[in-house]
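Just so it is clear, none of the values below were taken in a lab; they were calculated from the coordinates. A quick note: this is a predicted structure, and the numbers were derived from the prediction, not measured. Note that we place each Cβ from the backbone using ideal geometry, even for glycine, and neighbour counts take in every protein chain shown.
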Amino acid sequence: MASPCITSELGVNAPMSFRLLPGECVVVEGTDKAQLHALAHLCLGLVDLRSGNIRFLGHEWVALPHNFAAALRGRIGRSCA
């Protein structure tokens, strides 16, 4: 489970946990754009965590060199309507 350091951006004061397996896709809908952006940043490893970890393709974001993390983030589709 991941617990972000700054929960006010997410509007949630609880640990979050979910998993997507290779090839799976998820659509997250909501009315609060700030919350949606904060969740996307959390998934992209751009939010500091108080505890837990966030992984992408088996790699923990905080353990990756900046250039490698940036290249991996380019493989994630993100759209704001």
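Numbers for the structure displayed
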item: Alpha-carbon radius of gyration plus Dmax, which is the widest Cα pair, for the stretch 14-81 in Å; result: 12.3, 34
item: Rough spin-label spacing in nm, given labels placed 7 Å along Cα→Cβ, for ARG55 and LEU21; result: 1.5 nm
item: Charge context of PRO22, other residues only, Cβ under 13 angstrom, K/R +1, D/E -1; result: +2
item: From phi via Karplus (6.51, -1.76, 1.60), per-residue ³J(HN,Hα) for the stretch 63-70 in Hz, x at Gly/Pro; result: 8, 8, x, 3, 5, 5, 4, 4
item: Under Karplus coefficients 6.51, -1.76 and 1.60, residue-wise ³J(HN,Hα) of the stretch 28-33 in Hz, glycine/proline x; result: 10, 10, x, 9, 9, 4
